[in-house]
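Down below is the structure, laid out as structure tokens.
The values are calculated or read from the model by the stated rules, or taken from the named source; none is laboratory data. Please read these numbers as outputs of a predicted model, since none were measured by experiment. With ideal geometry, Cβ positions are generated from the backbone for all residues, glycine too; neighbour counts draw on all protein chains shown. Just so you know, the surface numbers come from the protein's heavy atoms only, side chains and all, with ligands and any DNA or RNA stripped out. Shrake-Rupley method; radii C 1.70, N 1.55, O 1.52, S 1.80 Å.
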Amino acid sequence: MEDTDRNESEEHDCEQEIEKSTVSDETHQEKHNGSAKTTADPFYVRLLFTPLDFVSMAFLFITLVPIRMVAAFIALTLAWAVSFIGLTNIDQTVPVSGWRKPLQWISCFLGRICCRCCGFSVTITGTQVSRSVAPVLVVAPHSSFFDALAIFWTGLPFIVNREENKNLLFIGKCVQFAQAIFVSRERKESREECKEEIKRRVNSKQPWEQFLIFPEGTTSNRKALMSFKPGGFLPGKPVQPVLIRYHLKHDTVSWTWDQPHGFIACFMYTMCQLRNKVELEFLPPYEPSEPEQMDPVLFASNVRREMSDALGIPLCDMSYEDIKNEYSKKKKQ
């Protein structure tokens, strides 16, 4: 009963914070070391750069960013070529093996190079366990497309990806070769097939890689942990929580609902930083109880609470649909 009251209270608080964001931007902004100090609204991002910051970014844009972009393009092209070769006559119903496995390792290494070309310096805390101990990796909080770096630093586990990303230039082949499960959110049949494929692979005795999920299903500014979707918890197997912590002067990486800058600005602001420190923290594996094995929603909720405690941030029980509806209303106003 206490947990139910707590969840309702947190959801109410979260909704109140979002409503407040439409009243006045001044209530959200406060200059603090050149960045925006926000309230608990998990979707609000404002960047307040000082003149010195702009000078620094302009200098790096002229001197370092071109080198980074050329290096990233070369690495991405090589990853595409490696993936294209590896996909030749491949059977996606079984794990990659034989001569294709070293190609996957090369693809993973090239992915790390692309991340480093964006200025990311990744440190690892804790220990990643093997698939036999925890076949599922649960990564949160999810705040950016840059979070994909977790895939390369966990050994290229398979993920769930949108069907439309399958044919993206360069990236599409790489995602296919990583044996992602593609799903169309619009088709119920596709969503059900995705769930069954997750359970099949996770429960299989074949040497599949671990399954990595971003269970929130949406992005935030990491000031609260969103609701977890139960998909990755359906198999009822042990999971290992993985926390993403960005140690940044300015939150250039967040790409969420309430911010004036879009994808390109987010990408370029990040590229124009000399160094972007990020930490991946592996928590101890979470072994589900019998009730949790039978109830993936309960399983997901308990893992989420443990991750929230480790992060020291509150829970926000708004779903992707709730958030989308809320901000759709704001755009019409």
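Quick notes on this structure:
- Each helix, a run of at least 4 DSSP H residues, gives -39500 (n - 2.57); summed and divided by the residues of the chain, these come to -13500 deg cm²/dmol at 222 nm.
- Around Thr154: net Lys/Arg minus Asp/Glu count, Cβ-Cβ under 14 Å: -2
- Remark on the stretch 44-84: hydrodynamic radius 12.5 angstrom, per the Kirkwood mean of 1/r across alpha carbon pairs.
- Rounded accessible area per residue of the chain, 1.4 Å, Å²: 51
- Residues Ser227, Ser254, Ser132, sorted by accessible area with the largest first, give Ser132, Ser227, Ser254 [1.4 Å probe; ligands and nucleic acids excluded].
- Probe 1.4 Å - accessible area at Met69, Å² to nearest ten: 90
- Net charge of the neighbourhood of Leu274, taken over other residues with C-beta under 13 Å away and scored Lys/Arg +1, Asp/Glu -1, is +4.
- Estimated D of the chain in µm² per second, where Rh is the Kirkwood radius over Cα pairs and Stokes-Einstein applies at 25 °C, 0.890 mPa s: 116
- Overall Cα dimensions of the stretch 106-258 - principal axes, largest extent first, Å: 43, 35, 33
- Contour excess over end-to-end distance, with Cα ends at Trp105 and Lys205 and 0.36 nm allotted per residue: 33.8 nm
- The apolar share of the surface of the chain, taken as the fraction of accessible area on carbon and sulfur atoms (1.4 Å probe, ligands and nucleic acids excluded), comes to 58 percent.
- In terms of distances greater than 28 angstrom between alpha carbons, the cross-link table entries Lys101/Lys166; Lys173/Lys199; Lys223/Lys324; Lys166/Lys277; Lys205/Lys229 yield Lys166/Lys277.
- Gaussian network model of the chain, Cα within-10 Å springs - most flexible of Ser289, Ser308, Ser83: Ser289
- Take the convex hull of the alpha carbons in the stretch 222-333; its mean projected area over all directions comes to 8.6 nm².
- Taking the Cα atoms of the stretch 203-269, the ratio Rg/Rh between the radius of gyration and the Kirkwood radius comes to 1.07.
- Packing-based order for 230-236, 122-128, using average beta carbon neighbours within 10 Å, highest first: 230-236, 122-128
- Accessible surface ranking that places the most exposed of Arg222, Arg191 first, with a 1.4 angstrom probe: Arg191, Arg222
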